[in-house]
Structure formats: structure tokens, C-alpha cells
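Written out below as C-alpha cells is the structure these notes cover.
The values are calculated or read from the model by the stated rules, or taken from the named source; none is laboratory data. This structure is a prediction, so every number in the text was calculated from the model and none was measured. Because the Cβ atoms are built from the backbone with ideal geometry, glycine has one as well, and the counts that use them run over all protein chains shown.
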Amino acid sequence: MDLHDFFGIGLTPDAYTKLLDDKQRDLHVLYERRMAVDKQVIEPFRSFGALRILVVTEPWCGDSLAILPAIAKLCEHAGIPLRVVLRDEHPELIDRYLTNGGRSIPIAIALDGEGLEIFHWGPRPAPAQAIFESHRPELAAGRIEKLEIHKKVRAFYARDNGQAVVRELAVKLAGAMEE
């Protein structure tokens, strides 16, 4: 299948939210409520033309619980159609977007009107990734548990309110517009 086909079978944000359990839904809604989209950031997305966003993720992904609401709010405000494809149901899609050889999620793929990729982004914003990277030696040595790193990442997402995700997507879009 091509990306246009995956977009066609993707779930709407509402349909995806129905897959979340109560705890996941509560976090998703909390992040969505806190998210504020700067109008200056929205305008390039709105004016791009036939832009669509396809996100590959899973309900159990902690990063996605914070990231997908930011992407959804951006898409909603910019009038961009958004669809979600489940990674585990479509390994052939995620295998196109491996991160260091792994099937890390979420991955956001921007498509033009023809269904061709404009850019992709993911699996997490640079500041959240930096938290993981800074603790990698401690994790490898057994001096810190992965759960502790996840707590630090969640604290970042709570403070950031989706701003890093939106900024990084805007940078990707600007780069695509320059090409």
C-alpha cells in the first residue's frame, strides 16, 4: 500500500481515542486541554494547501499520549485532515520509518494532495529525546530504572504542553516549503 492508501484506512482522532482505556484517555484529554497552538505556527500549515497528516502509533505508547493531542490540536486549528494507523497492525508501514533500527512511535507523516510524503517526524521531540540520551549510560549500568526516565519525560511533556512537537513540525514544514 502507498501512503495515500494508509491515510484512507486510518482512524479519525475520535475513533482512535475510543481505543484508549480510561487511564490513557484521561492523560490524552489532559494533554489536549493544556495544549495551546500559536496562531503564527498555524498559518503556514493552513496555507500549505492540500496537506494531510498520518500518524503511526499505538494506544499503549506513553509518548503518543502526550504527542498525539498536540498534533490533533494543530490539525484541528489549521483545518488539516488527520488519520491514525496502528503500528502493530501495519508493520510494513512503520518499517519504512525505523528509528535506530526500531519501530519507535509515534511517527507523523505529512502528505500532499497526491498522498506523497512531504516530511516525517518522530518519535519524540528533541528535548524529550535528550532526557533519554542523557540517562542512557546510567540505564546501561543499572544505576537508573527505565521507569525513572519515563517519569522525567512525562514531567517534560506536562511542562511543555505540546509546544516542542508543534515547533518541530513547523520547522519540518518550513524546510519542505524551501525545497
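If you take the residues of segment 113-130 that are in a loop (DSSP other than H, G, I, E, B) and in contact with a helix residue (DSSP H, G or I) (Cβ under 9 Å, 6 or more places away or on another chain), which of them is farthest from Asp160 (Cα to Cα)?
Step one: list which residues in segment 113-130 are in a loop (DSSP other than H, G, I, E, B), which gives 113-116, 122-125.
Pick out the ones that are also in contact with a helix residue (DSSP H, G or I) (Cβ under 9 Å, 6 or more places away or on another chain) and you get 114-116, 122-125.
Values: Glu114: 34, Gly115: 31, Leu116: 31, Gly122: 16, Pro123: 16, Arg124: 13, Pro125: 10 Å.
Result: Glu114.
Applying the criterion of being assigned to a loop (DSSP other than H, G, I, E, B) and not small (Gly, Ala, Ser) to the residues of segment 74-107, the residue that is surrounded by the most Cβ atoms within 10 Å (Cβ to Cβ) is Ile105. With respect to the conditions (1) in a helix (DSSP H, G or I); (2) aliphatic (A, V, I, L, M); (3) at pLDDT 95 or above, Ala176 falls short on a single one, namely (3). Of all the criteria given as (1) part of a helix (DSSP H, G or I); (2) over 18 Å from the mean Cα position of the chain (by Cα); (3) touching a residue at least 12 places away in the same chain (Cβ under 8 Å), the one not satisfied by Lys23 is (3).
Of the residues that sit in segment 42-73 and are in a helix (DSSP H, G or I) and farther than 21 Å from Asp21 by Cα, which one is modelled with the lowest pLDDT? Before you say what the answer is, go through the steps one by one.
Taking segment 42-73 as the starting set, the residues that turn out to be in a helix (DSSP H, G or I) are 42-47, 62-73.
Narrowing the set further to residues that are farther than 21 Å from Asp21 by Cα leaves 42-47.
Numbers: Ile42: 88, Glu43: 88, Pro44: 90, Phe45: 90, Arg46: 88, Ser47: 85.
So the residue we want is Ser47.
Can you confirm whether Val153 is buried (at least 19 other Cβ atoms within 10 Å of the Cβ), in contact (Cβ under 8 Å) with a residue 40 or more places away in the chain, within 13 Å of the chain's Cα centre (by Cα) and assigned to a helix (DSSP H, G or I)? Taking the combined requirement at face value, the residue does not satisfy it.
Here Pro125 does not fit the description of being touching a residue at least 40 places away in the same chain (Cβ under 8 Å), under 22 Å from Tyr16 (Cβ atoms), surrounded by 14 or more Cβ atoms within 10 Å (Cβ to Cβ) and in contact with a Pro (Cβ under 7 Å, 6 or more places away or on another chain).
Given the options Glu58, Glu89, Glu43, name the one that is in contact (Cβ under 8 Å) with a residue 40 or more places away in the chain and of a type in the set (D, E, K, R).
From the options Glu58, Glu89, Glu43, the qualifying one is Glu58.
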